[in-house]
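See structure below.
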Amino acid sequence: MTFPFKLVATDLDGTLLRGDDTVSERTREALGAATAAGAAHIIVTGRSVPWTRYILDDLGYDGLAVCGQGAQVYHAGEHRLLTSLTLDRQLAGLALSKIEAEVGPLALAASRDGLEGEVLVGPGYRVQEGPLPYVFVDDHTEMWTAPLNKVYLQHPELDDDALATAARAAVGNLVDVVMAGPGVVEILPLGLSKTTGLSLAARRLGVKAADTIAFGDMPNDIPMFGWARHGVAMANAHDTLKAVAHEITASNEHDGIAVVLEELLRTGSIAAAPH
């Protein structure tokens, strides 16, 4: 049976990874079978390269990865950054002042550019538990002294959706604002999305949007679903992503990627059932 896609694009957190930051054996085998059938696998994540590399190494993943919400294309096998876009720090500072004028003081973190780029965390910013390294700074001005890929925002009272909506309204066309996960609202360069890096990586591999199936769980995956031929939302996905998905699969904890890939490998065609 012919596998109907040449590219499998998977988000990382909430999609490929389970809650404990591991990938199940079933999902590994399904991805391995898809690549044996001729498809390339690309990880497309909001995480910057320094927060992604150790997972790729653990997976034995040696292909291309799109990191930093599309800002970075990384060659995992060569441990080399192929492309990287940075955030205009003056525009970001202006955007932040506009947001704070509307919603009050924010807690901030920032992701520095590069293979070894640190994530700097300012006062009051709530860091998720886990192995991801960061550096605490007690003065926000320290965040602006080197090139950045993104700035993270948190508000003491507003939830993620409310903060993202208010921030989007405040910044206009200065920058883009995305909600990328629980507690993760980000300021990005205007026009940047996962599709930016994914289209560059696909071109390097000689494949097109029409050849691509994409898996995701958060609003920052919406552009990727708009670009790919077929977008699959996890059962645990945000409602706004489910609304634009072609298909909804099981959760990241229940091998949702494997469920879809196994069916494609078995039948050679996309499930006809609507979401």
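The values are calculated or read from the model by the stated rules, or taken from the named source; none is laboratory data. Quick caveat, the model's predicted, so the values are computed rather than measured. Note: ideal-geometry Cβ built from the backbone for every residue, glycine included; neighbour counts use all protein chains shown. Accessible surface areas use protein heavy atoms only, side chains included; no ligands, DNA or RNA. Shrake-Rupley method; radii C 1.70, N 1.55, O 1.52, S 1.80 Å.
Protection proxy ranking for 117-126, 143-152, using the average of other Cβ atoms within 10 Å per residue and placing the highest first: 143-152, 117-126. Between residue 138 and residue 62, the simple spin-label model (points 7 angstrom out along Cα→Cβ) gives 4.7 nm.
The magnitude of the dipole of the chain, with charges of +1 and -1 set on the Cβ of Lys/Arg and Asp/Glu and taken from the Cα centre, is near 1040 debye. Could you give the distance between the Cα centres of segment 89-122 and segment 133-209, to the whole Å? Using only Cα atoms, the two centres lie 9 Å from each other.
Positive-end ranking of 220, 200, 133 along the dipole of segment 77-228, with charges on Cβ about the Cα centre, is headed by 200. Apolar share of the accessible surface for segment 131-231: 56 percent from carbon plus sulfur atoms, 1.4 Å probe. Taking label points 7 Å from Cα along the Cα-to-Cβ direction, residue 116 and residue 162 give a separation of 4.2 nm. Across the chain, the relative contact order, built from alpha-carbon pairs under 8 Å that are at least six residues apart, equals 22 percent.
For segment 1-157, the relative contact order works out to 17 percent when only alpha carbon pairs closer than 8 Å and six or more residues apart are counted.
Relative to the longest principal axis of the Cα atoms of the chain, helix 89-103 runs at roughly 80 degrees.
Ellipticity at 222 nm from helices only: DSSP H runs of n ≥ 4 in the chain, each -39500 (n - 2.57), divided by the residue count, give -8500 deg cm²/dmol. Using alpha carbons only, how many angstrom separate the centre of segment 41-76 from the centre of segment 238-261? Centre-to-centre distance over Cα atoms comes out at 21 Å. Computed from the Cβ-Cβ distance with R0 of 25 Å, the FRET efficiency linking residue 101 to residue 126 stands at 0.65. Annotation: for a label point projected 7 angstrom from Cα along Cα→Cβ of residue 203, residues of segment 67-89 with backbone N closer than 15 Å are 71-74, 82-85.
Accessible surface computed residue by residue for the chain, with neighbouring protein chains in place and a 1.4 Å probe, gives 43 Å² per residue.
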